[in-house]
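Inspection log for the structure reproduced underneath, given as C-alpha cells.
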Amino acid sequence: MVQAKSWILAKHFDGFPKDSDFKLKVEELPAPKNGEVLLEAVFLSVDPYMRVIQSQNSAFPVGSHVVSSCGWRTHTLSDGKDLTLLMADWPKDVPMSLAVGAIGMPGLTALYGVEAVLQAKKGETLLVNAAAGAVGTVVGQIAKIKGCKVVGSAGSDAKVAYLKELGFDEAFNYKTVSSLEEALKKAAPEGYDCFFENVGGQFSTFALQQMKEFGRIAVCGGISTYHDAAYQTGPYPLTTINWKQVKIEGFMQSRWQSDHPQGLKKLMGWYKEGKLKCREHVTKGFENMPAAFMGMLQGENIGKAIITV
C-alpha cells in the first residue's frame, strides 16, 4: 500500500483563485494489478512528469520516466494508456524537468504556433506577449532561429532584461509604458507580420491595429481574461481584420500529436546546440502547489513554473 496525496478543487474559482479553493486529499493505493503501473511524481506542472516505481505492464518497466496528465498527485495507478515514455535517448546532461517545459508541451505549443500556424519566415517581424513565460520564451527563440525580428512584451523590468538575454530584438514592460499603442509602434514601426497571442483583452486590440496587410495571428491563450466574472465585450475590430486581410487562428498542440516525437527531437537539438535557452521557476514541495499555481497566474515566474516533489 502506498499513501498518495492529491490536490483537488474544494470549489470552483470565483474570480482569482484562493487558498480555500483547494483541498489536500490523502488516500491509500493498492499494489498495481496485471497491466497497471504505479507512478511517483518527480516534477509537477500542468502535465505531471513521473517515474514508474512498481509495474505489472511490460511496456513500462520499473524506473521508467513518463509524462502524464494525472493531475496534482504524488502517486497514481495507471493502466498505461495515458502515459508517454520520456525520449529513449534523453541526454544525461539535460535536466529531465525540461520534459514539462521547453522540451515538452509548452515547447511543442511554441513550435507548432510559429511553424505551422504563423509559418514565420526569415525577415518577418513577430510579436509575442507574455513573452517571459514557458511558451513565450520558446516562441521568441524559435522565431530568431527562423531569422525573424522578434518583439516581446512582459510584465516586469527583470523579465524584459531576460528577453534581451535570449536575443529578442525589442522588449518592453507593458505595465510601465505610458502608451501600449506607442510602445508597439516604437518596437516595430513597420508593423507586424506575425503575432503569437497569449494575453487577449486590450493588448489584442492595440496589436491588431499594428498588423501588416496579410498578417497572421496565432491565438494560444488569453490570460488577461481567465478570471473575469463576466465576459469582456468589444471593441469588435472586424473592419480592421477585413481591410488588412488578417488571418486569425486558434490552436492547441494536440492537433499535431502524431508529430510530437519529431518536434521534441527538434527542440532537443536546438537546446543541445545552444540555440534554445531555458529558465525554470522552481517551487519545492508538493504542499506548495496551490501557491505556485496562483503565483504563476500573477506572473511571478520567468520561464517554466515547476514543482519538485
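Going through segment 155-183 one residue at a time, which ones are in a helix (DSSP H, G or I) and crowded, with 16+ Cβ neighbours inside 10 Å?
Taking segment 155-183 first, the residues in a helix (DSSP H, G or I) are 157-166, 180-183.
Within segment 155-183, Lys159, Val160, Tyr162, Leu163, Leu166, Leu180, Ala183 meet the criteria.
Say whether the condition of being outside any loop (DSSP other than H, G, I, E, B), touching a residue at least 40 places away in the same chain (Cβ under 8 Å) and more than 17 Å from Leu126 (Cα to Cα) is met by at least one residue in segment 231-244.
No: zero hits.
Scan segment 187-213 residue by residue and report those that are farther than 21 Å from Ala110 by Cα and among the aromatic types (Phe, Trp, Tyr). Spell out how you get there, then give the answer.
Taking segment 187-213 first, the residues farther than 21 Å from Ala110 by Cα are 187-191, 202, 205-206, 209-210, 212-213.
Phe206 - this is the single residue of segment 187-213 that is farther than 21 Å from Ala110 by Cα and among the aromatic types (Phe, Trp, Tyr).
Residues of segment 124-140 being touching an Asp or Glu at 6+ places or on another chain (Cβ under 9 Å) and hydroxyl-bearing (Ser, Thr, Tyr), which ones?
Answer for segment 124-140, where residues must be touching an Asp or Glu at 6+ places or on another chain (Cβ under 9 Å) and hydroxyl-bearing (Ser, Thr, Tyr): just Thr125.
Here's a check for you: in segment 262-277, which residue that is assigned to a helix (DSSP H, G or I) and free of Cβ contacts under 8 Å to residues at least 60 places away in the same chain is least open to solvent (accessible area, probe 1.4 Å)? Talk me through it step by step, then tell me what you get.
So in segment 262-277, the residues assigned to a helix (DSSP H, G or I) come out as 262-272.
Now narrow it down to the ones that are free of Cβ contacts under 8 Å to residues at least 60 places away in the same chain: 262, 269.
On the way: Gln262: 108, Gly269: 25 Å².
It comes out as Gly269.
Scan segment 50-61 and give yes if some residue there is assigned by the TED database to the domain that holds Gly285 and under 19 Å from the mean Cα position of the chain (by Cα), otherwise no.
Quick first cut of segment 50-61, residues assigned by the TED database to the domain that holds Gly285 only: 50-61.
Among the residues that remain, those that are also under 19 Å from the mean Cα position of the chain (by Cα) are: 50.
Looking for residues that are assigned by the TED database to the domain that holds Gly285 and under 19 Å from the mean Cα position of the chain (by Cα), one finds at least one in segment 50-61, hence yes.
Can you spot a residue in segment 38-46 that is closer than 29 Å to Lys164 by Cβ and either polar (S, T, N, Q) or open to solvent by 50 Å² or more (accessible area, probe 1.4 Å) (or both)?
We begin by selecting, within segment 38-46, every residue closer than 29 Å to Lys164 by Cβ; these are 43, 45-46.
Filter once more, keeping what is either polar (S, T, N, Q) or open to solvent by 50 Å² or more (accessible area, probe 1.4 Å) (or both): 45-46.
Looking for residues that are closer than 29 Å to Lys164 by Cβ and either polar (S, T, N, Q) or open to solvent by 50 Å² or more (accessible area, probe 1.4 Å) (or both), one finds at least one in segment 38-46, hence yes.
Every residue in segment 1-26 that is open to solvent by less than 50 Å² (accessible area, probe 1.4 Å) and over 25 Å from the mean Cα position of the chain (by Cα), please.
Val2, Ala4
Are there any pairs with C-beta distances below 6 angstrom linking a residue in segment 155-180 that is without any contact (Cβ under 8 Å) to a residue 24 or more places away in the chain and farther than 16 Å from Val199 by Cα to a residue that is of a type outside the set (D, E, K, R) and assigned to a helix (DSSP H, G or I), with the two at least 6 apart or on different chains, and if so which?
Glu170/Ala187; Val177/Ala183
Would you confirm whether any residue within segment 25-34 is under 25 Å from Asn288 (Cβ atoms), basic (Lys, Arg), touching a strand residue (DSSP E or B) at 6+ places or on another chain (Cβ under 8 Å) and modelled with pLDDT of 95 or more? Walk me through it before giving the result.
Restricting attention to segment 25-34, the residues satisfying the condition of being under 25 Å from Asn288 (Cβ atoms) are 25-29.
If we keep only those that are basic (Lys, Arg) too, we end up with 25.
Those left that are additionally touching a strand residue (DSSP E or B) at 6+ places or on another chain (Cβ under 8 Å): 25.
Filter once more, so that each one left must be modelled with pLDDT of 95 or more: 25.
Yes, that holds for at least one residue.
Quickly run through segment 58-109 and pick out the residues that are without any contact (Cβ under 8 Å) to a residue 60 or more places away in the chain, assigned to a loop (DSSP other than H, G, I, E, B) and within 22 Å of Cys220 (Cα to Cα).
Ser68, Ser69
Would you confirm whether any residue within segment 88-100 is assigned by the TED database to the domain that holds Lys284 and surrounded by 18 or more Cβ atoms within 10 Å (Cβ to Cβ)?
There is no residue in segment 88-100 that is assigned by the TED database to the domain that holds Lys284 and surrounded by 18 or more Cβ atoms within 10 Å (Cβ to Cβ).
The values are calculated or read from the model by the stated rules, or taken from the named source; none is laboratory data. Since the structure is predicted, the reported quantities are computational estimates derived from the model, not experimental observations. Heads up, the Cβs are rebuilt from the backbone with ideal geometry, glycines too, and the neighbour counts pull from every protein chain shown. Surface areas here come from the heavy atoms of the whole protein model, side chains and all, with no ligands, DNA or RNA. Shrake-Rupley method; radii C 1.70, N 1.55, O 1.52, S 1.80 Å.
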